[in-house]
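The values are calculated or read from the model by the stated rules, or taken from the named source; none is laboratory data. Keep in mind that what you see is a predicted model, and the values were worked out from it rather than measured. Please note: Cβ atoms are built from the backbone with ideal geometry, for glycine as well, and neighbour counts cover all protein chains shown.
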Amino acid sequence: MKPTPILFDCDPGHDDAIALVMAHRSPAIELLGVTTTCGNAELEKTTTNALRILEYIGAGDVPVAAGCHRPLARPLVLGTADGPSGLEGSPYLPQATIKPVDQHAVDFLADKLLASPEPLLVVATGPLCNIGLLILKHPEVLPKIKELIWMGGVFYRKSEIITPTEFNAFCDPEALKIVLDSGVPILMVGLDVTMRVLVEKAQYAELATIDTPLGKLVNDWLLFYEKLHRNSMGVGGAMHDPLALALAIDPTLVKTRPAHIAVDLTGTHTFGATVADFWGERGEKDNARIAYDVDADRFFKLMFDLLRD
């Protein structure tokens, strides 16, 4: 089967890092390029992390373009799960010798989309700064986006901060609104499903059987990454971004339902919340599909098979 070409927008980040590994190692994916944004850390750090990861796994030929250094309409609030560098827990990971391309991520994405003979799948696992700005600056690319798989939002459960708000939505809700209003097909992979793919004892035991430098690296990433989850919620690290990426490989891992999604831009306690209207109460057309159920066992088999191979 011909691999699916994708563009990957991310803010590495431990779970973004694992998603990058999966994207490169899967024969079902052709990774056309990686763009970076602020979020889990400042842009310089997330870009450095992407370059370090790709070079380490033998994907140094994949072009990387740095994008937005802050949200579109507000100051940057950083994520807290990944530490100051965005990729703590692996000090032995070499610094990269490769460099990002000399082009802003937004223009890089536009060029790749316009050059493709067919619409492309875009996977985004951070705040949507780059994608929102892409839509504003290059509206001509909209028909060239086959679908945007975005890790973000939460609809049925409380998340890691004490509001119904997920970090990627909270970090740049204005960009999210631009994307939701754009007409681009969107699959939202939110905490409703990602908080059901948790790395616990069984997963660590399986990872221990992957006795390779990459297996050790991923294990060390996860041990650092789970600290926030374990200390604040009493659970292991959630594979937010790897699940979103996995849907480019096997979309049957989740069940979805369509809805109209709005984002709260003004709330005191619900700022950045994603609000789903499943029954047309607001009189708006559906603008996204929401993942609401996940086959966690099949996801972990896919993830570990890719790490092992």
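The residue pairs whose first member lies in the range 262-285 and is within 16 Å of V77 (Cβ to Cβ), whose second member is among the aromatic types (F, W, Y), and whose beta carbons are closer than 8 Å, counting only pairs six or more residues apart or on different chains, are D264/F271; L265/F271; F271/F170; G272/F170. The single condition among (1) surrounded by fewer than 24 Cβ atoms within 10 Å (Cβ to Cβ); (2) charged (D, E, K, R); (3) at pLDDT 95 or above; (4) in contact with a Pro (Cβ under 8 Å, 6 or more places away or on another chain) that K137 does not meet is (4).
Looking only at residues of the range 266-296 that are of a type in the set (G, A, S), under 25 Å from I149 (Cβ atoms) and outside any strand (DSSP E or B), we find that the one that is farthest from the chain's Cα centre (by Cα) is G280.
Enumerate the helices (runs of 4 or more DSSP H) found wholly within the range 187-254, keeping only those where 2 or more residues are modelled with pLDDT of 90 or more and within 24 Å of P3 (Cβ to Cβ). Let's see the steps before the verdict.
Values: elements: 191-194, 201-208, 213-233, 240-249.
Where helices (runs of 4 or more DSSP H) fall fully within the range 187-254 and carry at least 2 residues being modelled with pLDDT of 90 or more and within 24 Å of P3 (Cβ to Cβ), they are 213-233, 240-249.
Total residues in the range 19-44 satisfying the condition of being modelled with pLDDT under 95 and more than 21 Å from G132 (Cα to Cα): the figure is 0.
In the range 191-223, which residues are of a type in the set (S, T, Y) and more than 28 Å from Y292 (Cβ to Cβ)? Spell out how you get there, then give the answer.
Going through the range 191-223, the residues of a type in the set (S, T, Y) turn out to be 194, 204, 209, 212.
Listed by number, the residues that qualify are T209, T212.
Across the range 117-150, the qualifying residues are those that are under 10 Å from the mean Cα position of the chain (by Cα) and not in a strand (DSSP E or B), and the one among them that is farthest from D264 (Cα to Cα) is T125. Of the residues making up the range 151-162, one or more are modelled with pLDDT of 95 or more, in a strand (DSSP E or B), in contact with an Asp or Glu (Cβ under 7 Å, 6 or more places away or on another chain) and buried (at least 24 other Cβ atoms within 10 Å of the Cβ). Among the listed residues A110, A73, A59, identify the single one that is surrounded by fewer than 22 Cβ atoms within 10 Å (Cβ to Cβ) and over 24 Å from A248 (Cα atoms). One residue alone meets the criteria, A73. Against the numbered list (1) surrounded by fewer than 24 Cβ atoms within 10 Å (Cβ to Cβ); (2) under 15 Å from the mean Cα position of the chain (by Cα), D9 comes up short only at (1). Every listed requirement among (1) within 27 Å of L32 (Cα to Cα); (2) part of a strand (DSSP E or B) is met by A259 save one, (1).
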